[in-house]
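Enquirer: Pasting a structure here, questions to come.
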Amino acid sequence: RLSFLLAMWSRVVVFCPMVSQSVMAPACQATSRSTSRRKRRRKHETMQLPPFTAALLGLFLARLPSALGICNQPEISDFREAAWNYYEKGHFDFLGTSMVVEALGEPGRFLETCPAATLQACLMKATENVVYDPSAYPQMLGLYMRYMHVSLAEGTLTKEDMTEWPLMEALDHLEATVRSLETNVGPLRSAMVMNFCSAKDRLGNMHELEWILLPPFGDPARRHEFPGVTDGDYGLLTETDLYIYLVNATKCEWLPDSVIEEIRPAVKSLHLIPYTGGPTREEQSAYFKFMSDHYDDLHDFIIFVHPDSPEHQGVRFNALKKALTVVRSGSQLAVDSLKYYPLSQQLLINPRRTWSSTYAPQWAVFWHALFDKPWRDYDIQPPRCFWKTVKGYYLHGLVPGLGEGLIRKHAKALCIAAGDLCQGVTCGTPLDAEEGNVTGDNPYGVTMLSTQRGSCSPRRGGPDHRLYESPSAQETTYLKACAEPGLSAHADAVDALDPPPQYKRVDGSFLPTFALDDDTPRHLPEAQVLCAQMGASCRGVTCTAGGKAASLEPVCTVRGSDEIWHSPAGEISFIKLHEEQLEHPKLPGPPRGTETFQFYTGSQSIVHKDRVKAWSKEQLAAMAADGDFCSMYSGLYEAVWHAMFGEPLSQYEREADPRLPLYLKWGLPTMYYFGDEGLV
């Protein structure tokens, strides 16, 4: 009741746009917006107030001072822009987080200069906190009312503040979050799935899953060993079943029994499943096996991780920690927001694996084997520009109107849009306190993620394209070289290839003759691409090495015979199929095109069971059984993992995903990596 009364009182006292057909109407009209920001239309319904209350409210608001202009200072204006971006578009970034913390950390300073910023910070922090602390709702609303009355008493709250800031939107959003949290649909079941071969990874580092024993996870009985850790940051896997698929191969060394016994009390249940995966490093066969084996009784949420999870998730596991907190709430919020949630920190943008001549043929084979629509139908082009990285140097001169303090993604987009006015981007430049970022509109109409801050700026350079040695060791310049629109400056870029032929695997067989007398051993993807280029002269591919088609050695040859013979040596043949013989699974994700292909790396994610069941049990079982394919295309599976489970090919950045609650964005910055700078 207290929460309800506080919420209603905050609406009655402050937000005159809710009042209609009363003596308040003139006062409300006086605060109508004159800028484009002021033209936003409120979506809430009007509310009738008793005449006496309306009259008092009208008198009260009439006495509010006019705008003092202090709220338009750059730092505070950026925060207001960030708040509008969140409530209108779902964008939230580091600037929003830092300003909320600053406004609540120094309320006295803000209440004297721009109290609306403090009120906005109260509502945003309440929306974030309420997910893990139900008492945050009445506490933060109480603080909100206190600050409101202080600012009214001091005369620092203005009429314009009430409409220039998204305070009503924030209240509506907070109440909707609370309702979703209070709608109980639980308990919700979760399972964490990984495969394991050896504690030593590809870089020689040791991983005995020690991260499961440390905060925010760990055995509750050992909580005392971490005195500085709060209860909410410990033991978060105790309601999650852990499935470890142990690769059954001679090269593998499984976990010692002592480690297994340490892990057991840190999770709800521990399942160790020996299985035969691919011949080389991959994890997808284990994922597919879990999904097919448990298809008829899937957990509500499946958490896909690697044994060396900190590599991509970070040692604090911030994304996973927050997601587990939401799952443990057993609420409608968990079901609505965690359909697919990336856990990695790194976002790859237009990686070379999809468009360079070295990798594109394999990508075409992989894509066509997995999905029903050819890759070219999505009209994803190779990057138009090439960026040469030069560390320790800078370009002089800012491009007028584009500002600085940008993240590299935005600085590069603006530099491309500026054409010849911009020679490149310099990053790592220290900023003075008063130096800001570009917010909202820019001269070239480039869409940017709110007011996210970085250290990059587009540079105009000079006629000689000269670079200057940087006095700051961390500065790096990215020199731009662009082709005409529709083309690429990368010499090895290729357009999306025609759908390649598909192949049917036949174990224990070989095709008796070589295609065009070519008996050169090749890796399977290379042999299949060559077979496609040979046309009717090639009928398939035969691989030796005891049936290990994904062997590190080139063991496959192109074959020209239609006959399929039994192989006493255990060979495998891949028979080229005609298009009418193909059966493709349908791409579960949204079948829309996109200008940019991007994804969080590593396939580490949380997926709701409904997204899994977009695939049939038979399809998942077939993919689980094909360890060779998983080994050959493990890195490509990682690139489409999000699309396989219902996300658009251009995966949302967490900060920009409008479907996620504020809690699942807060404090989770994305790290960007670019194919146009050489990333595979």
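Quick note: the coordinates plus some simple rules give every number you see, no bench work behind them. Just so you know, these numbers come straight off a predicted model, no measurement behind them. Here the Cβ positions follow ideal geometry from the backbone for every residue, glycine too, while neighbour counts run over all protein chains shown.
Enquirer: Using modelled amide H (1.01 Å from N, peptide plane; none on Pro or chain starts), what sits under 5 Å from the amide H of residue 646, excluding residues fewer than 5 places away?
Expert: Amide H neighbours of residue 646, under 5 Å, 5+ apart: 589.
Enquirer: Need one number: nm distance between label points at residue 569 and residue 153, each 7 Å from Cα along Cα→Cβ, rounded to one decimal.
Expert: With each label placed 7 Å out from Cα toward Cβ, I get 9.2 nm.
Enquirer: Determine the gain in length on full extension of the stretch residue 472-residue 578; use 0.36 nm per residue of separation and subtract their C-alpha separation, reporting nm with one decimal.
Expert: 32.2 nm
Enquirer: Taking Cα centroids, how far is the stretch 317-354 from the stretch 484-520 in Å?
Expert: So the two Cα centres are separated by 35 Å.
Enquirer: Too long at a 20 Å Cα-Cα cut-off: which of 200/289; 89/665; 373/412; 268/321; 289/321?
Expert: 200/289; 373/412; 289/321, as the Cα separations exceed 20 Å there.
Enquirer: Only sites in a loop by DSSP and with at most 15 other Cβ atoms within 10 Å count here; which trypsin sites (Lys or Arg not before Pro) in the stretch 287-327 make the cut?
Expert: When the trypsin sites (Lys or Arg not before Pro) of the stretch 287-327 are filtered for loop state and at most 15 Cβ neighbours within 10 Å, 316 remain.
Enquirer: With a cap of 13 neighbouring Cβ atoms within 10 Å, and only residues DSSP puts in a loop, list the trypsin sites (Lys or Arg not before Pro) found in the stretch 621-680.
Expert: Listed in order of number, the matching sites are 659.
Enquirer: Among 532-539, 249-256, 496-503, how do they line up by average Cβ neighbours within 10 Å per residue, starting with the highest?
Expert: Per-residue Cβ counts within 10 Å, averaged per peptide and sorted highest first, yield 496-503, 532-539, 249-256.
Enquirer: Let me ask something else. Highest mean first, what order results for 164-171, 307-314, 224-231, 120-127 on Cβ atoms within 10 Å?
Expert: The densest-packed peptide leads the list: 120-127, 164-171, 307-314, 224-231.
Enquirer: Cα to Cα, under 13 Å, and not fewer than 8 places away if on the same chain: which aspartates and glutamates meet these conditions relative to residue 480?
Expert: 420, 676, 677
Enquirer: Could you tell me whether the stretch 105-170 comes out rounded, prolate or oblate from its Cα gyration tensor? Rule is a ≥ b ≥ c as square roots of the eigenvalues, rounded for a/c under 1.5, then prolate if a/b exceeds b/c, otherwise oblate.
Expert: Taking the square roots of the gyration eigenvalues as a ≥ b ≥ c, the stretch 105-170 is prolate.
Enquirer: Take peptides 99-109, 601-611 and line them up by average Cβ neighbours within 10 Å, highest first, as a rough protection proxy.
Expert: Highest to lowest by the protection proxy: 601-611, 99-109.
Enquirer: Under a straight-distance cross-link criterion of Cα-Cα below 13 Å, which aspartates and glutamates are reachable from residue 322, leaving out those fewer than 8 residues away in the same chain?
Expert: Filter leaves 128, 133, 233.
Enquirer: Moving to a separate point now. For the stretch 454-529, which trypsin sites (Lys or Arg not before Pro) are in a loop by DSSP, counting at most 11 other Cβ atoms within 10 Å?
Expert: Passing sites in the stretch 454-529 are 466.
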